[in-house]
Amino acid sequence: MKIKKGKVRNQQLVITLTVDDEEIEKHLQRASVKLSSRLKIPGFRKGKAPRSIVEQLVGRDGLVEESLDEAVPDVVHKAIEEENIEVFSTPKVSKIDLQPKMTIEAVLALKPMIQLSNISGIKVKIEKEKITAKEVNKVIDQIRDQNGSWVPVKRPTKMGDLLTVDFKCEVGDKIILDHSAIDLLLDVQFEDNLKMPGLMKKMTGILMEKSKAFSIVLPTDYPEEDLREKKANFVVLIHEIKEKNLPNVDDSLANTIDPSVKDLKELKKKIKINLEQSAEKKWEQLFWDDYLKQIVNSSNYTVADLMVEQETDLLLSQQKKMIENQKIEFAEYLKQINKSEEDFIAELKEAADIRIKRSLTIDELLVHYEINVEEDKVREDLDKWKNQQGNTKVSEEQIMDEIRYSLKREKLLSQIIDNQKKSS
């Protein structure tokens, strides 16, 4: 195999490979076996027809086409090994010529170049959230709400009530909502989900077994374009009104929530500790994000376009999967956020570029601060992971690599925070 290397541009290299006939023959033979297993060839069992017979049926070009999926990556991989090239993403085959000899052109992403700024001069100024009695009482209120019970009442409806209601909505001659005896919570979240601002307020002040007719104007961002800014007419009939009966804030409530505490005072103390731990984790993440952002914005990077392209493709695939999981077509999602596909991908490309630079920066910082972790700790965390996850198809070595990297990042963050405290 002849290998021709182009000039390195922005840490990207193009190689051109001219493949020997002997190399091609190995792959043609494998392709023949595959085709023989798929095709019905009279007089032969599947997979048993000789290559000459298969080639008569599909022609040499057919064999070559069948071999490409396996032959091309194999040839490119061998060339990379032979030339001892360190690549940092999956090679991209940009051109294949079959005549007069098989010639493959592949784009390779080489190790990115990074020149970090003066990291000792990076200062992060982010205030840590202070946990007061107000935050603790918010949690207590949430707990009360979760432990409350719905009880029937005889009075006009108000916000926060749980209603059993007949509910109908029409725009012109078109019925867009029609429900009988459904449970409906008078909460602004419901109208936000329906894209019907003002709906909940219109449903207050109604007595049980009384109906009310009213109308609202649908907003400009209503999902169905032909109904935007149209008047929607409602008729509702209230069958039952319930309000939430909340438990008293006392030692009994505390013991119901957490039997390990003896009274309300101890519960509040425990809640405060949990909130402080959460605030600490949140602050650490904000600190880390700001620290990396400052370094990325002030450092110099040379990254192959291929790396950014492939990271963008990965992000796009992930985004599309998330959108599909919400039962929304990608084209419809773009309409909802008022963006073209080109603009959407451009934003992902920017995010991909930042992700790559952040990752490169972390790797450089791990080397700079000489961060290492004890293998006993890695093994200990692996055992915990196994107990939690059970059997998995992921290799133990891969899991250990991820654990090791995670532990190094934690240690790196602690050291950087300590350095900041000492210098402040």
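Would you mind counting up the charge near A181? Only other residues with Cβ under 13 Å from its Cβ, with Lys and Arg at +1 and Asp and Glu at -1. For residues surrounding A181, the net value is -4. Straight-line reach from K327: taking Cα to Cα under 21 Å and skipping same-chain neighbours fewer than 8 places apart, the lysines in range are K195, K335, K339.
Given the rule -39500 (n - 2.57) for each run of at least 4 DSSP H residues, summed and divided by the residues of the chain, what is its mean residue ellipticity at 222 nm, to the nearest 500 deg cm²/dmol?
-17000 deg cm²/dmol
Using a/c under 1.5 as the rounded threshold, could you call the range 215-296 rounded, prolate or oblate? The axes a ≥ b ≥ c are square roots of the C-alpha gyration tensor eigenvalues, and prolate needs a/b larger than b/c, oblate otherwise. Here the range 215-296 falls in the oblate category. For the chain, the alpha-carbon radius of gyration amounts to 1.48 times the rule-of-thumb value 2.2 N^0.38 Å expected for a compact globular protein.
Over all other residues within a Cβ to Cβ distance under 14 Å of I238, the charged ones net out to +2, with Lys and Arg as +1 and Asp and Glu as -1. Over all other residues within a Cβ to Cβ distance under 13 Å of S94, the charged ones net out to -2, with Lys and Arg as +1 and Asp and Glu as -1. When the chain is treated as a GNM with alpha-carbon contacts under 10 Å, the residue of G121, G205, G43 showing the greatest mean-square fluctuation is G43.
Name the shape class, rounded, prolate or oblate, that the alpha-carbon gyration tensor gives for the range 149-245, where a ≥ b ≥ c are the square roots of its eigenvalues, rounded holds for a/c under 1.5, and otherwise prolate holds if a/b is larger than b/c and oblate otherwise. It comes out prolate by the Cα gyration axes. When the square roots of the Cα gyration tensor eigenvalues are ordered a ≥ b ≥ c, the ratio a/c for the range 12-89 is 1.5 or more and a/b exceeds b/c, which makes its shape prolate. If neighbour count is taken as other Cβ atoms inside 10 Å, put W283, W288 in order from fewest to most. Lowest count first: W283, W288.
By the rule of a C-alpha distance below 20 Å, with chain neighbours fewer than 8 residues away ignored, the aspartates and glutamates paired with K4 are D20, D21, E22, E23, D74, E81, E82, E83, E86, D97, E105. Taking the chain as a Gaussian network of alpha-carbon nodes connected by springs under 10 Å, the highest mean-square fluctuation of the residues A71, A213, A109 belongs to A213.
The loop-placed GluC sites (Glu not before Pro) in the range 56-95, going by DSSP, that have at most 16 neighbouring Cβ atoms within 10 Å of their Cβ come out as E83, E86. Contact order for the chain, expressed relative to its length and based on alpha carbon pairs under 8 Å spaced 6+ residues apart, stands at 15 percent. By the count of neighbouring beta-carbon atoms within 10 Å, fewest first, T220, T204, T157, T16 end up ordered T220, T204, T16, T157.
For a paramagnetic label modelled on M400 (point 7 Å from Cα along Cα→Cβ), amide N atoms under 17 Å away belong, within the range 365-388, to 372-387. Only lysines eight or more places from K386 in sequence, or on another chain, were considered; those with a Cα closer than 19 Å are K377. Of the trypsin sites (Lys or Arg not before Pro) found in the range 320-352, the ones in coil according to DSSP and having at most 12 other Cβ atoms within 10 Å of their Cβ are K327.
Every read-out reported here was derived from the displayed coordinates using simple, explicitly stated rules and does not represent laboratory data. Just so it is clear, the structure is predicted and the values come from calculations on it, not from any experiment. Every residue, glycine among them, receives a Cβ derived from its backbone with ideal geometry; neighbour counts consider all protein chains shown.
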